[in-house]
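**Q** The structure is given below, and queries will be raised subsequently.
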Amino acid sequence: MKKRLIIGATGASGLPLTIECLKILKKAEDVSACLIMSDSAWITLKQETDLSSEELFSLADEVYDPRDIGAGPASGTFRTAGMLVVPCSMKTLAGIHSGYADTLLLRAADVTIKEQRPLVLAVRESPLSPIHLRNMQELSMIPGVRIIPPMMTWYTRPKSVEEMTHHMAAKLLEPFGIESENYHRWQGI
Ligand SMILES: Cc1cc2nc3c(=O)[nH]c(=O)nc-3n(C[C@H](O)[C@H](O)[C@H](O)COP(=O)(O)O)c2cc1C
């Protein structure tokens with residue numbers, strides 16, 4: 001049976017990263033991608049890409065409505081390999097930090113923490129306020145929670161934004177044991 005990975009997408013900038021992660025997961029034979037888009041993520045998707053909702057949904061194996069608080073990911077008995085929130089807004093970060101699980105996306109993150117499964121947060125905002133930094137710092141202390149901001153990388157000599165996006169997406173999926181093609185790890189000088 002394929003292992004499920006929950007992909008939560010929120011209204012922070014970075015929807016091309018969500019898409020790239022889903023494309024990598026499509027190629028991974030042993031992983032099933034369960035997508036939860038927040039309402040605000042649709043606004044940034046439209047702003048940042050030309051992808052239709054149908055095209056986006058076709059990249060995922062399962063799609064959940066963020067208002068469907070009774071769906072599988074709301075329960076710990078729904079077995080998953082963890083959850084990646086990409087991109088993760090400061091609002092969703094705050095919701096996860098406080099355990100305020102009023103949507104399926106927030107509840108799924110809450111469940112991931114309580115079940116001690118890996119939770120990766122691709123937090124995105126600039127500049128960061130003391131509130132954002134406190135929320136990140138405190139969440140990073142929980143075993144299994146990783147704060148991985150989508151920061152640009154130059155040492156791979158990317159020739160395009162797409163190449164850099166791919167590198168970042170691969171880095172976000174690495175904690176779940178998912179390998180992707182053309183991911184250049186630093187080999188030393
Ligand atoms: C084009 C656009 C870009 C945004 N970028 C960010 C961002 O990088 N980080 C962030 O925290 N919020 C950003 N926001 C604001 C969030 O969308 C907003 O706080 C929203 O309420 C988040 O809700 P959600 O976490 O439920 O998706 C952006 C909004 C828009 C319209």
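**Q** Please verify whether Pro66 is in contact (Cβ under 8 Å) with a residue 40 or more places away in the chain and not aliphatic (A, V, I, L, M), treating the condition exactly as stated. Give the derivation first.
**A** On the way: in contact (Cβ under 8 Å) with a residue 40 or more places away in the chain: no; not aliphatic (A, V, I, L, M): yes.
Against the criterion (in contact (Cβ under 8 Å) with a residue 40 or more places away in the chain and not aliphatic (A, V, I, L, M)), Pro66 does not qualify.
**Q** Something else about it: Check segment 99-107 and report whether any residue there is surrounded by 15 or more Cβ atoms within 10 Å (Cβ to Cβ), hydroxyl-bearing (Ser, Thr, Tyr) and within 28 Å of His167 (Cβ to Cβ).
**A** Step one: of segment 99-107, the residues surrounded by 15 or more Cβ atoms within 10 Å (Cβ to Cβ) are 101, 103-107.
Then keep just the ones that are hydroxyl-bearing (Ser, Thr, Tyr); that gives 103.
Then drop every residue that is not within 28 Å of His167 (Cβ to Cβ), which leaves none.
Looking for residues that are surrounded by 15 or more Cβ atoms within 10 Å (Cβ to Cβ), hydroxyl-bearing (Ser, Thr, Tyr) and within 28 Å of His167 (Cβ to Cβ), one finds none in segment 99-107, hence no.
**Q** Could I ask something else about it? Among the residues of segment 7-25, what is the count of those that are open to solvent by less than 10 Å² (accessible area, probe 1.4 Å), under 10 Å from Leu45 (Cβ atoms) and not aliphatic (A, V, I, L, M)?
**A** 1
**Q** I would also like to ask the following. Restricting the search to segment 72-129, which residues are over 29 Å from Met152 (Cβ atoms) and of a type in the set (A, V, I, L, M)?
**A** Let us first name the residues in segment 72-129 that are over 29 Å from Met152 (Cβ atoms), namely 72-80, 98-104, 107, 110-111, 114-116.
Residues satisfying the conditions are Ala74, Ala101, Leu104, Val111.
**Q** Within segment 161-170, does at least one residue satisfy the condition of being more than 13 Å from the ligand (Cβ to nearest atom), of a type in the set (Gly, Ala, Ser) and closer than 29 Å to Asp30 by Cα?
**A** We begin by selecting, within segment 161-170, every residue more than 13 Å from the ligand (Cβ to nearest atom); these are 161-170.
When the remaining residues are screened for being of a type in the set (Gly, Ala, Ser), the result is 169-170.
Cutting the leftovers down to closer than 29 Å to Asp30 by Cα gives us 169-170.
Within segment 161-170 (the criterion being more than 13 Å from the ligand (Cβ to nearest atom), of a type in the set (Gly, Ala, Ser) and closer than 29 Å to Asp30 by Cα), the answer is yes, since at least one residue qualifies.
**Q** Just for helices (runs of 4 or more DSSP H) wholly inside segment 58-177: which have at least 3 residues that are out of contact with any helix residue (DSSP H, G or I) (no Cβ under 8 Å at 6 or more places or on another chain) and not β-branched (Val, Ile, Thr)? Full working, then the answer.
**A** Values: elements: 90-98, 104-114, 130-140, 161-173.
The qualifying helices (runs of 4 or more DSSP H) are 130-140, 161-173.
**Q** For residues that are part of a loop (DSSP other than H, G, I, E, B) and under 16 Å from the mean Cα position of the chain (by Cα), tally how many sit in segment 29-57.
**A** So in segment 29-57, the residues part of a loop (DSSP other than H, G, I, E, B) come out as 29-30, 38, 49-52.
Add one more test, that the residue is under 16 Å from the mean Cα position of the chain (by Cα), and what stays is 38.
Here the count works out to 1.
The values are calculated or read from the model by the stated rules, or taken from the named source; none is laboratory data. These numbers come from a predicted model, not from an experiment. Using ideal geometry, Cβ is built from the backbone for each residue, glycine included, and neighbour counts are taken over all protein chains shown. In case anyone asks, the SASA skips ligands and DNA or RNA and just uses the protein heavy atoms, side chains included. Shrake-Rupley method; radii C 1.70, N 1.55, O 1.52, S 1.80 Å.
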